[in-house]
Amino acid sequence: MAEMSGKLDEYTDRANQAEQQIELLIKELEGLKTGSGASNSSPPAQSPADEEEVAKLKAENARLKYRLNILKRAVEKEAGGGQSAAKVKKPPPVVETRSQEYMTNVSRMLVSLFQAGMHAAFPDLVDPPCPLLPSTRGGDYQFNGAMPISGLMKASGVKMAPRDIANKIVENIPTNDLIEKLEVAGPGFVNIFIRKEFIQEEIDLLVDRGIRPPKSDSRKRVVVDFSSPNIAKEMHVGHLRSTIIGDSVCRLLEFLGHDVVRLNHIGDWGTQFGMLIAHLQDEFPNFVTESPPISDLMAFYKQSKARFDADEAFKARAYQCVVKLQAHEPDYIKAWNLICDVSRKEFQKVYDRLDVVIQERGESFYQDRMVKIVEELQKANHLEEDEGRKVMFGPGVDVPLTVVKSDGGYTYDTSDMAALKQRIEEEGADWIVYLTDAGQSTHFQIVFACAQKAGFYNPAKVRLDHVGFGVVLGEDKKKFKTRSGDTVRLVELLDEGLKRSLDKLKEKEREKVLSAEELKAAQESVAYGCIKYSDLCHNRNHEYVFSFDKMLEDRGNTAVYMLYAYTRIRSIARTAQVSDEQLAKIRKEKNLSVSLKHEKELKLGKLLLRLPEVIHRMTEDLLLHSLCEFMYEVANVFTEFYESCYCVEKNSSGEIVKVNYDRLLLCEATANVLASCFHILGLKPVQKM
């Protein structure tokens with residue numbers, strides 16, 4: 001009996017692992033969805049074949065788990081005379097509760113209620129699926145779990161119609177203040193209607209307390225590795241996506257209250273510094289006592305590279321410089337620092353313009369740690385000889401890491417292993433996120449596998465994510481380059497954005513109504529906002545076409561449209577000649593609630609409360625375009641409200657005859673939600689445009 005119980009435990013573990021693999025497959029398929037080509041279009045769903053395969057895998061695995069659970073309880077009952085089964089019975093799921101400290105995640109709260117209802121109705125089911133989505137008809141949300149549950153029960157020999165299952169789950173939903181009513185429709189869908197009083201309370205709280213993060217499971221220390229330019233080379237368009245997406249991921253996690261370490265893993269070590277130092281010695285022989293006036297480091301790099309390629313004597317001296325640098329000889333460290341400082345100043349100019357905060361920690365930081373990790377891997381017999389190299393194979397991957405080159409030098413593989421170990425053991429990271437192009441995904445799979453084999457990475461304790469992204473294309477659908485075929489410098493891109501945004505504002509004659517200071521703020525908001533938003537509104541897994549003309553359009557899901565929408569919402573109270581302080585005072589004196597009486601008001605209120613579930617989903621997949629889509633929907637639904645519900649009523653002479661303060665409160669709630677979205681995306685809205 002004990003042997004059989006042990007076998008059942010083993011099979012249950014294997015079923016759980018299979019379930020995790022299926023979830024990873026679902027995420028991968030989600031990641032492969034095509035980003036929206038048109039500004040206001042949604043990405044198409046995965047192919048029917050993919051959906052069918054995933055559904056089959058999940059259904060089969062769930063059936064196995066269901067049967068295993070019944071067998072396990074039967075074994076325990078036989079062994080313990082009917083007593084142990086009650087002891088090991090899985091406790092009911094914990095139902096989410098509300099708190100004024102956090103914004104309520106309505107979707108998550110509903111899932112917890114339905115999980116509790118399923119547990120009470122069908123206690124033998126092991127982790128039954130709980131598909132619950134916002135509904136476009138027949139309710140606010142819809143539960144679609146009855147049919148898959150019917151399939152699980154049928155596989156175990158119990159026949160029950162999906163509609164009967166749905167009714168039984170509905171009967172067992174715990175008492176709550178969220179749901180107004182539940183309706184079973186069709187073959188077993190459950191339409192969920194949210195209480196208007198709940199929406200009213202949450203929107204009023206949003207106005208009172210402002211935007212608060214939704215509750216997360218626990219506060220984590222998160223290391224985010226992004227941007228990563230190379231010393232002595234200018235930042236170019238290839239660094240754009242890593243910098244923009246990485247900054248937004250950091251902002252998202254910081255908003256949720258995590259302890260985020262923003263790391264810039266720059267290339268500040270290696271053989272290229274030998275040729276740079278040798279060239280520096282020739283061009284500025286007094287560099288030790290006088291700082292060399294290197295104004296164009298890229299040109300300096302090209303000059304040294306040309307000499308390195310053409311002059312064998314210079315090349316030999318460059319290699320000697322590398323040896324002396326690695327030996328930490330003072331003059332060579334001085335030269336290295338001078339070159340790094342020039343690059344840092346240029347990098348910082350870009351980061352300041354994009355409002356990106358980042359902490360430099362280059363490859364040089366890990367040099368001593370690389371020596372130690374090679375020793376540890378060698379001692380543990382993880383390294384194999386391969387044509388003079390020392391390589392390491394990780395479980396489940398066919399390509400090895402090259403830990404030591406045939407000449408005894410180290411590689412990016414060695415550096416990334418040392419960095420990962422340092423971040424887990426010294427930084428105490430619970431979660432590490434790498435932002436690089438999608439082409440490096442295989443590399444990181446190998447690094448993660450080898451780190452697990454080496455014993456310093458445990459997937460149960462540390463979450464690792466490689467956040468990949470596609471390349472930036474020009475309007476010719478080819479890799480984005482200048483007309484001469486050179487890589488586009490990031491500074492030039494930002495300058496062009498400023499020029500075009502100013503032209504756009506002048507086209508609308510904004511210089512006639514804005515002060516010089518306001519015009520400059522609007523120009524920068526539009527320029528940098530457009531560059532960021534046009535990247536973030538696309539699914540990062542795919543390439544996108546960079547077009548200033550498209551990103552500066554004031555229609556569709558663009559930064560210009562969103563910035564204008566926000567400014568317009570903020571201007572409504574100014575039109576009513578009501579300051580924020582006056583509105584707060586009036587609300588307190590009159591004990592006003594946000595107006596949700598009109599159907600368009602209620603529709604907007606419900607939508608605003610979906611912010612926490614959008615944010616929660618982003619923490620799982622790190623796909624930021626869903627926040628852009630949410631913002632665009634908010635702007636459109638606000639327009640519906642504004643056209644149907646007058647906030648400020650005027651007579652035929654244009655004089656204000658009535659101000660509907662309760663509607664101004666809904667405007668304020670909407671503006672606050674959009675402002676939080678802008679902050680997460682790294683955009684700076686302005687009061688006047």
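The values are calculated or read from the model by the stated rules, or taken from the named source; none is laboratory data. In this text the structure is predicted, and so the values were computed from the model without any measurement. Neighbour counts are summed over all protein chains in view; Cβ atoms, including those assigned to glycine, are modelled from backbone coordinates with ideal geometry. Just so you know, the surface numbers come from the protein's heavy atoms only, side chains and all, with ligands and any DNA or RNA stripped out. Shrake-Rupley method; radii C 1.70, N 1.55, O 1.52, S 1.80 Å.
Only beta bridges with both residues in the chain are counted; by DSSP, about 55 percent of them are antiparallel.
Each part reduced to its alpha carbon centroid, segment 343-422 and segment 613-641 end up 37 Å apart. Cysteine residues of the chain whose Cβ has no partner cysteine Cβ closer than 4.7 Å: CYS130, CYS250, CYS321, CYS340, CYS450, CYS530, CYS645, CYS647, CYS667, CYS677. Sequence-ordered 3J(HN,Hα) estimates for segment 138-146 from the Karplus curve with 6.51, -1.76 and 1.60 and θ = phi - 60° stand at x, x, 8, 9, 9, 9, 10, x, 5 Hz, glycine and proline given as x.
Taking Cβ atoms as reference points and 12 Å as the exclusive limit, the residues near ARG219 contribute a net charge of -1, counting Lys and Arg as +1 and Asp and Glu as -1. Reducing segment 247-305 and segment 439-477 to their Cα centroids gives an inter-centroid distance of 24 Å. To put it simply, the accessible area of the chain at a 1.4 Å probe is 49 percent carbon and sulfur. Surface calculation, 1.4 Å probe, protein heavy atoms: THR558 sits at approximately 10 Å² accessible. Take CYS667: with every protein chain present and a 1.4 Å probe, its accessible area is about 10 Å². Placing unit charges on the Cβ atoms only, positive for Lys and Arg and negative for Asp and Glu, gives segment 271-381 a dipole magnitude near 200 debye about its Cα centre.
Work through the residues other than GLU197 whose Cβ is under 11 Å from its Cβ and net out their charges, Lys, Arg +1 and Asp, Glu -1. Could you put the intermediate results ahead of the total?
Details: positive: ARG195, LYS196; negative: ASP177, GLU180, GLU201, GLU202, ASP204.
So the environment of GLU197 carries a net charge of -3.
Quick check on the chain: helices-only [θ] at 222 nm, where DSSP H runs of length 4 and up contribute -39,500 (n - 2.57) each and the sum goes over total residues. Nearest 500, please. Let's see the in-between values first.
Working: 24 runs with 373 residues, N = 689.
After summing the helix terms and dividing by residue count, I get -18000 deg cm²/dmol.
Remark: the chain carries a charge dipole of roughly 1560 debye about the Cα centre, counting +1 on each Lys and Arg Cβ and -1 on each Asp and Glu Cβ.
With all protein chains in place and ligands, DNA and RNA left out, the 1.4 Å accessible area ranks ARG555, ARG463 as ARG555, ARG463, largest first. Close amide H partners of VAL404, meaning residues 5 or more places away or on another chain with modelled amide H under 5 Å apart, are LYS390. Accessible-area rank, largest first, for VAL433, VAL545: VAL545, VAL433, with all protein chains present and a 1.4 angstrom probe. For Kirkwood radius over Cα pairs in Å, which listed value, (i) 27.7; (ii) 29.1; (iii) 26.4, comes from the coordinates shown? After the calculation, the listed value that fits is (ii).
Of the three principal axes defined by the Cα atoms of segment 479-569, the extents in descending order read 41, 27, 17 Å. Amide H contacts of MET103: ARG212, LYS215, each under 5 Å away and 5 or more positions distant or on a separate chain (H built 1.01 Å from N in the peptide plane; Pro and chain starts excluded).
Normalise the Debye intensity by I(0) for segment 575-689, one equal point scatterer per Cα, no solvent, then take log10 at q = 0.12, 0.15, 0.16, 0.17 Å⁻¹ and round to two decimals. Result of the Debye calculation: -0.50, -0.76, -0.85, -0.93. Peptides 222-229, 418-425 ranked from most to least packed, by the mean per-residue count of other Cβ atoms within 10 Å: 222-229, 418-425.
Averaging the Cα positions of each part gives two centres, and for segment 205-232 and segment 654-674 these lie 30 Å apart.
Using θ = phi - 60° in the Karplus curve 6.51 cos²θ - 1.76 cosθ + 1.60, the 3J(HN,Hα) couplings for segment 383-394 round to 9, 10, 7, 8, 6, x, 8, 10, 10, 9, 9, x Hz; x is entered for Gly and Pro. Taking Cβ atoms as reference points and 12 Å as the exclusive limit, the residues near VAL637 contribute a net charge of -1, counting Lys and Arg as +1 and Asp and Glu as -1. Looking at segment 225-382, the accessible area is 44 square angstrom per residue; that uses a 1.4 Å probe and ignores ligands, DNA and RNA.
Residue-wise HN-Hα couplings along segment 337-349, as the Karplus relation 6.51 cos²θ - 1.76 cosθ + 1.60 with θ = phi - 60° gives them from phi, are 5, 4, 5, 4, 5, 4, 5, 4, 5, 6, 4, 5, 4 Hz; Gly and Pro carry x. Between ASN230 and GLY267, the built amide H atoms are under 5 Å apart, and every one of these is 5 or more places off in sequence or on another chain. Taking the charge dipole of the chain about its Cα centre, with +1 at Lys and Arg Cβ atoms and -1 at Asp and Glu Cβ atoms, the residue from CYS537, VAL673, VAL158 reaching farthest to the positive side is VAL158.
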